[in-house]
Structure formats: structure tokens, C-alpha cells
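Quick notes on the structure that follows.
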Amino acid sequence: ALKAVVFDLDGVITDTAHLHFLAWRSVAQEIGIRFDEAFNEELKGISRMDSLQRILRHGGKEGVFNDKQCLALAGKKNDLYVQSLASLTQASLLPGIREVLAEIRAANVKIGLASVSLNAPAILHALAIHTAFEFCADASRIVYSKPDPEIFLAACAGLNVRPEEAIGIEDAAAGVEAINAAGMLSVGIGPGLGHAGLQLHSTRELSWKCLSDFWSSRSVLE
Ligand code: BG6
Ligand code: MG
């Protein structure tokens with residue numbers, strides 16, 4: 001039976017994916033690297049330092065900055081990002097999220113979080129939904145970014161469920177890969193996620209009915 005649903009945060013629960021983009025774009029501009037939203041897709045689900053490395057590679061500046069300079073660039077990005085988070089309120093939840101969280105809870109299924117963002121706890125508080133989560137994986141203890149399954153496995157372990165008993169929900173290609181690699185069922189929100197077990201256009205389509213129908217359709221096949 002389905003025992004848990006594990007959510008990604010940025011781009012699934014709230015639209016911070018765009019705020020990450022704006023902060024990185026501004027830091028990148030300062031070092032002469034331009035990038036657009038298409039390239040930004042490749043940063044979704046990727047940790048702060050790994051994102052910086054990808055941006056430097058994208059701009060042909062790999063190896064140009066030493067460790068200390070890289071930490072400073074990542075710090076600058078985070079300062080800008082955290083400033084932009086000040087505008088987050090309960091109204092910043094993506095459509096349908098509040099409702100689906102309540103429905104999952106009412107069905108007695110556990111809810112977990114698998115975000116590699118070190119800002120995740122602060123964001124959940126700003127959105128006033130931290131109490132909906134029975135367990136949030138600790139991003140500071142994660143060694144491998146998505147697409148590695150580590151963070152989803154950590155979330156399942158913390159919820160005390162097996163990955164085969166859980167659904168993961170993601171907006172990033174690397175995130176869907178991570179869910180699949182963990183052995184969970186994957187739900188992808190948005191375009192370009194053909195490898196998700198269930199693909200939805202928007203969080204509006206998320207509901208307990210859609211998740212439980214997906215779960216039973218897959219369990220019949222196996
Ligand atoms: C992920 C985002 O959730 O968190 C990435 O999709 C981001 O874009 C990563 O780089 C790390 O976030 P933070 O807040 O720790 O810099
Ligand atoms: Mg995301």
C-alpha cells in the first residue's frame with residue numbers, strides 16, 4: 001500500500017525556482033556569464049555549489065576561480081536569493097498544494113520533504129506549512145545532489161517507509177531521475193519530464209484522487 005508522499009520544494013510547493021534563477025543570473029552577469037531560463041532548467045534540483053560549477057562551465061570559466069572565490073560567489077547568490085524570499089507568504093503556495101497536503105494527511109499517508117536547499121526549513125516556515133511535514137530530509141547532510149537518489153532515500157528512511165511504498169513529486173528532470181533511482185513512483189510537474197511515471201502540467205492537477213489512482217494503476221501492473 002502507499003504509505004508516503006515525498007515532495008520536492010522549489011518549483012513544486014512554491015515558485016522559488018524562478019527566484020533561484022534571478023539570483024544566479026545576477027551573479028553570473030557580474031562575472032561575464034549570460035544564461036537564460038532554458039539553461040536554468042539544468043540547475044533545478046542541483047545543490048548551490050554544483051550549480052555554480054555548472055554555470056562556470058556553461059560560461060567557459062571552469063577552473064578560473066579558486067575555492068575561496070567560488071564560496072564568495074555562491075554566498076553572493078544566496079544573499080540575493082534570501083533577500084528575495086522576504087516576499088514569501090502563505091499566498092505563495094502553488095495552486096492545489098494546500099489542498100493536496102490536507103487530502104494526503106486525511107488519507108493517513110505520511111508526508112515528507114526531499115529538497116537539497118539549505119533554505120528549505122525557512123521557506124516552509126514562511127509558507128506556514130512546516131507542520132504538514134512529518135519528516136524533512138536534512139540537505140546539509142546530503143553528499144550527492146539529485147539525480148542521485150540519496151535525498152529521497154533519506155526522506156523515506158526518516159518517514160520509516162520503504163521507497164517502494166512511496167511516491168515522489170518533482171518539477172526537475174534530475175529530481176525525477178532521483179525518485180526513479182530510489183525505486184519510488186515518480187510524478188513530474190511541468191514539461192520535459194517524460195521519464196516520470198505520471199506527468200502533470202501543473203500542481204493544480206495534483207489531488208489525492210490522482211495520486212491514489214496512479215498508485216493503484218501501477219500496483220496492478222506489477
Ligand atoms: C534546489 C533548487 O531545490 O535547491 C536548486 O532546485 C538550488 O536550484 C538548490 O540550487 C540549493 O538551494 P540553496 O537554497 O541551498 O542554495
Ligand atoms: Mg524543484
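The values are calculated or read from the model by the stated rules, or taken from the named source; none is laboratory data. Please read these numbers as outputs of a predicted model, since none were measured by experiment. Please note: Cβ atoms are built from the backbone with ideal geometry, for glycine as well, and neighbour counts cover all protein chains shown. Ligands, DNA and RNA are excluded from the accessible area calculation, which covers all protein heavy atoms including side chains. Shrake-Rupley method; radii C 1.70, N 1.55, O 1.52, S 1.80 Å.
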Of the residues in region 94-128, those that are within 16 Å of ligand 1 (Cβ to nearest atom) and aliphatic (A, V, I, L, M) come to 94, 97, 113, 114, 116, 118, 120, 122, 123, 124, 126, 127
Of 56, 19, 9, 43, the only residue that is free of Cβ contacts under 8 Å to residues at least 60 places away in the same chain and within 12 Å of ligand 1 (Cβ to nearest atom) is 43
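Out of all the residues in region 158-190, which are within 14 Å of ligand 2 (Cβ to nearest atom) and either aliphatic (A, V, I, L, M) or out of contact with any helix residue (DSSP H, G or I) (no Cβ under 8 Å at 6 or more places or on another chain) (or both)?
As a first pass, look at region 158-190 and keep what is within 14 Å of ligand 2 (Cβ to nearest atom): 168-179, 186-190.
Correct list: 169, 172, 173, 174, 175, 176, 177, 178, 179, 187, 189, 190.
Would you be able to tell me the number of residues in region 165-182 that are of a type outside the set (A, V, I, L, M, F, W, C), away from ligand 1 (no atom under 11 Å from the Cβ) and in contact with a strand residue (DSSP E or B) (Cβ under 8 Å, 6 or more places away or on another chain)?
Just the residues of region 165-182 that are of a type outside the set (A, V, I, L, M, F, W, C), to begin with: 165, 168, 170-171, 175, 177, 180.
Of the ones still in play, those that are also away from ligand 1 (no atom under 11 Å from the Cβ) are 165, 168, 177, 180.
Filter once more, so that each one left must be in contact with a strand residue (DSSP E or B) (Cβ under 8 Å, 6 or more places away or on another chain): 165, 168, 180.
Residues meeting the conditions: 3.
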Reported set for region 80-120 where residues are within 16 Å of residue 6 (Cβ to Cβ) and in contact with a strand residue (DSSP E or B) (Cβ under 7 Å, 6 or more places away or on another chain) is 101, 104, 105, 109, 110, 111, 112, 113, 114, 115, 117, 120
Residue pairs within 7 Å by beta carbon, gap of at least six or interchain, first lying in region 158-182 and over 19 Å from residue 144 (Cα atoms), second open to solvent by 10 Å² or more (accessible area, probe 1.4 Å) and among the charged types (D, E, K, R), listed first then second, are 159/110; 159/134; 161/3; 161/110; 165/3; 166/3
Any residue at all in region 56-63 that's within 15 Å of ligand 2 (Cβ to nearest atom) and in a helix (DSSP H, G or I)?
no
Within region 15-44, of all residues that are more than 11 Å from ligand 2 (Cβ to nearest atom) and of a type in the set (Lys, Arg), the one surrounded by the fewest Cβ atoms within 10 Å (Cβ to Cβ) is 34
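Among the residues of region 5-25, what is the count of those that are more than 20 Å from residue 93 (Cβ to Cβ) and either touching a helix residue (DSSP H, G or I) at 6+ places or on another chain (Cβ under 6 Å) or of a type in the set (Phe, Trp, Tyr) (or both)? Walk me through it before giving the result.
Taking region 5-25 and keeping what is more than 20 Å from residue 93 (Cβ to Cβ), we get 23-25.
From what is left, the residues that are either touching a helix residue (DSSP H, G or I) at 6+ places or on another chain (Cβ under 6 Å) or of a type in the set (Phe, Trp, Tyr) (or both) are 23-24.
Of the residues in that region, 2 qualify.
Report those strands (runs of 3 or more DSSP E) wholly inside region 106-219 carrying at least 3 residues which are open to solvent by less than 20 Å² (accessible area, probe 1.4 Å). Explain how you work it out, then say what you get.
On the way: elements: 110-113, 166-170, 185-189, 198-200.
Qualifying strands (runs of 3 or more DSSP E): 110-113, 166-170, 185-189.
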Practice problem: Scan region 72-80 and give yes if some residue there is assigned to a helix (DSSP H, G or I) and open to solvent by 80 Å² or more (accessible area, probe 1.4 Å), otherwise no. | Solution: yes
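Mind listing whichever residues of region 38-95 are among the acidic types (Asp, Glu) and more than 22 Å from residue 12 (Cα to Cα)? Outline the logic, then answer.
Step one: of region 38-95, the residues among the acidic types (Asp, Glu) are 41-42, 50, 62, 67, 79.
If the condition is that a residue be among the acidic types (Asp, Glu) and more than 22 Å from residue 12 (Cα to Cα), then 62, 67, 79 are the ones that fit.
Taking the stated definitions as given, is residue 52 of a type outside the set (Ser, Thr, Tyr), open to solvent by less than 10 Å² (accessible area, probe 1.4 Å), over 22 Å from residue 124 (Cα atoms) and more than 13 Å from ligand 2 (Cβ to nearest atom)? Walk me through it before giving the result.
Numbers: of a type outside the set (Ser, Thr, Tyr): yes; open to solvent by less than 10 Å² (accessible area, probe 1.4 Å): yes; over 22 Å from residue 124 (Cα atoms): yes; more than 13 Å from ligand 2 (Cβ to nearest atom): yes.
So residue 52 passes the test.
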